[in-house]
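Read through the structure below, which is laid out as structure tokens, and then see the notes.
The values are calculated or read from the model by the stated rules, or taken from the named source; none is laboratory data. Because the structure is predicted, anything quoted here is derived from the model rather than measured. Cβ atoms come from the backbone with ideal geometry, glycine included; neighbour counts cover every protein chain shown. Please note that ligands, DNA and RNA were not included when accessible areas were found on the heavy atoms of the full protein model with its side chains. Shrake-Rupley method; radii C 1.70, N 1.55, O 1.52, S 1.80 Å.
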Amino acid sequence: MNSENIHQYNDADYLSGDPIAFGALVVKFQGGLFGFMGRMGFSQAQSEELAQETFLRAWKNRSSYVSSKAAVSTWVFTIARNVALNEIAKSTHAIVDEFDINTLQNKQTGTDPDKQFESHQSIERLQRALRYLSAEDRAVIAAVYTPDMTDRDVAFVLNCSEGALRTRLSRARKRLSNALQQLDKNDA
């Protein structure tokens, strides 16, 4: 399916039961979901599995979507958040090892080996720090940095008000900053 076909559908079409229309929804949101899962601290392989689980749940529960409550994108990311939190809750070990480091490096640095090395180190440092955050803090950070999601959308996904979102984000950023500082102390 190409990107032109994606735009011929509206929110109602995506969840109408038409597999082709739902396929367009998958194509439209898979990159964003994959990135969201990565920002939650999952590895590339885990992110792919969890994104697939999100789409399976969306397909199975498509009749529960209420257009007056949220856009399809918000509904899908709410499912993704729940899938991610469930995975974190059942995990007894650290989740992050590596999330598509090569792709991120190439986008950020081109082919300059020195810049790629620095980028790789920065990404690894951030992922290590994310391990120290609660699942809810990771969810806030991941959702806020998801492209095309407004604060209103993020608040809906996280089941809070926009004011509470700003407070939670501020606290999560502070804890992330503290985790990064602690890592710097430990590495020194």
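Some values worked out for this structure:
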read-out	value
Cα gyration tensor category, rounded, prolate or oblate, for the stretch 31-92 with a/c compared to 1.5	prolate
Radius ratio Rg over Rh of the stretch 128-188, counting only Cα atoms, Kirkwood formula for Rh	1.05
Of the trypsin sites (Lys or Arg not before Pro) in the stretch 6-87, those whose Cβ has at most 10 other Cβ within 10 Å and which sit in DSSP loop	69
Surface share of carbon and sulfur [accessible, 1.4 angstrom probe, percent] for the stretch 10-71	51 percent
Loop-located chymotrypsin sites (Phe, Trp or Tyr not before Pro) in the stretch 112-188 whose Cβ has at most 13 other Cβ within 10 Å (DSSP)	145
